[in-house]
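*Asks:* Got a structure for you, written out below as structure tokens; questions coming shortly.
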Amino acid sequence: MIVYTNFEPGREAEFHEWYENTHLPEVLALGPFKAAQRFAVSKTQIFEDQSHVHVAIYEFDGSAEAAREIMLASSDNFQLSDAMCDPHVVILEEIGARQHSS
């Protein structure tokens, strides 16, 4: 699952503190979620117009549908921060591994 986020102007430190110390532990406590990693979107891009400045990638076991259902069922229990704005969530499913040939 990939989550694109922005923070409210002037609230970047608050956003990072909440994400690392509140939100990640809440999500990783849910059944299928087993790992998460956060990234800042680099200013060096192929396509210059980027809508979000932060990305989190969550790894989960099982189906995308199961992960979605658990996230929706648990969302009322999350302590969301108003320092976060404009979240965009994309749940991915594996389509098969490709081997790189040399």
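All of the numbers you see were taken from the coordinates with simple rules; none came from a lab. Because the structure is predicted, anything quoted here is derived from the model rather than measured. When we count neighbours, we look across all protein chains shown, and the Cβ atoms used for this are built from the backbone with ideal geometry, even at glycine.
*Asks:* Would you check if PRO32 is closer than 13 Å to GLU59 by Cβ and more than 12 Å from the chain's Cα centre (by Cα)?
*Replies:* yes
*Asks:* I'm told ARG11 meets every condition in (1) over 16 Å from the mean Cα position of the chain (by Cα); (2) without any contact (Cβ under 8 Å) to a residue 24 or more places away in the chain except one. Can you identify the failing condition by its number?
*Replies:* (2)
*Asks:* Now a separate question. Could you run through region 18-36 and say how many residues are in contact with a Lys or Arg (Cβ under 9 Å, 6 or more places away or on another chain) and of a type in the set (Gly, Ala, Ser)?
*Replies:* 0
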